[in-house]
Amino acid sequence: MAKSIKKEKSSERAVSLDKKDMAILQLLQQNARVTVKEISEKIHLSTTPVHERIKGMEESGVIKQYVTLVDQNKIDLNLLVICYVSLKEHSKSAGANFIKKINEWHQVIECYSISGEFDFMLKVICKDMNAYYDFHVNKLSQQENMGNVQSVFIMGVIKETHQLVHG
């Protein structure tokens, strides 16, 4: 479950944050359900300024959304794959068409535009190898302008974090 706060362009410049803002962010990253009262007690600031700071960070796009992180294996999504994709044509419209498709596929949980031999790196999650084969053959490979696809299967996750602010 994700609650979007406000859509902001990621290319906008950084927002100025002080130590209290960073402390709030660190606490929210650890537990997005932490209350304003609990935050205020931990950072020694009353609840009204804490609430106003959080609201300001939401409005400025510093806080993009609140999410629930789900254990993929507990919902029977046991196969994680990194796909490197290159397109045949590199026009703006060709890239936009590919990106539009990627955003429609629930199996693709992350997509990055990258430099080097490939144009995109996809993080794909499926139930098993048969489901990935179906996705690869019937969706990904069938796309117009598809060049090369290289799949790398994740054997185990060593580190996975979404925390950007550290104390």
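Might you check whether a residue that is loosely packed, with under 12 Cβ neighbours inside 10 Å and out of contact with any Cys (no Cβ under 7 Å at 6 or more places or on another chain) occurs anywhere in region 94-102? Yes, there is a match, as at least one residue in region 94-102 is loosely packed, with under 12 Cβ neighbours inside 10 Å and out of contact with any Cys (no Cβ under 7 Å at 6 or more places or on another chain). Selection of first residues in region 130-159 that are over 27 Å from His90 (Cβ atoms) and of second residues that are in a strand (DSSP E or B) and among the aliphatic types (A, V, I, L, M), restricted to Cβ pairs under 6 Å at least 6 apart or on distinct chains, gives the following pairs, ordered by first then second residue: Phe153/Val81; Ile154/Leu80.
When region 49-70 is examined, which residues are found to be surrounded by fewer than 12 Cβ atoms within 10 Å (Cβ to Cβ) and modelled with pLDDT of 95 or more? Selection gives Glu52 alone.
The values are calculated or read from the model by the stated rules, or taken from the named source; none is laboratory data. Just so it is clear, the structure is predicted and the values come from calculations on it, not from any experiment. As a convention, Cβ positions derive from the backbone with ideal geometry for all residues, glycine included, and neighbour counts pool all protein chains shown.
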